[in-house]
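Below is one structure, written out as structure tokens, with a few remarks after it.
No lab work stands behind these numbers, since they all come straight from the coordinates. This one's a predicted model, so the numbers in the text were calculated from it and none came from an experiment. Cβ: placed from backbone, ideal geometry, glycine included. Neighbour counts: every protein chain shown.
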Amino acid sequence: MACCYRNPSNSSSFVYDRFFHRIDHNILLYKLNVPPILLKKCTNFLQHRHQRVKLRSSISSWKPIHSGVPQGTKLGPLFFLMVNDLCSDLLMYKYVDDCTIFEVTPISSEPSAQQDELDRISKWTIDNNMKLNIYIAKVLCIFLKEPRLSCAFVCQ
């Protein structure tokens, strides 16, 4: 990795909105790379769940749940690791539903690769029925001298 003392650096951090609630059961089961007997047990664990809401003395009817991982279970974090196959050509740090990509930008005229990565992340997000929380996404640009590069990235 190039030394960041001489080259500008860009970092984009973002968080998935309600990641554990949004995990699509069909996508998760498709991505699980487990023996058929274990896949059947995971399917039984996730599917055929129902919920209802109680507000004061009113109770809704039971509705099926088609997404999300039951919280507080031992399988929840394991499912999360299996469905979160998001990867990047840039340096990437992932922790639960937080993700940061980092790039040391050469001073040459080469454009930053970060916008292309954000576009790929946006596509992965859409393909996996996820949603980015754009209100807490951050971009950090570090310049040691006058900024020579634009530091505007878009994530849709």
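For residue 40, the lysines whose Cα falls under 21 Å of its own Cα, not counting residues fewer than eight places away in the same chain, are 31, 74.
Length available on full extension from residue 85 to residue 34: 0.36 nm per residue minus the Cα-Cα distance, which gives 16.8 nm. Compute the label zone of residue 98 within the range 111-138: residues whose backbone N is under 17 Å from the point 7 Å along Cα-to-Cβ. The answer is 132-138, whose backbone nitrogens lie closer than 17 Å to the label point.
How about residue 131: which aspartates and glutamates have a C-alpha closer than 18 Å to its C-alpha, ignoring those fewer than 8 places off in the same chain? The qualifying aspartates and glutamates are 17, 24, 85, 97, 98, 117, 119. The dipole here belongs to the range 15-124: it is taken about the Cα centre, uses +1 on the Cβ of Lys and Arg and -1 on the Cβ of Asp and Glu, and is about 1260 debye.
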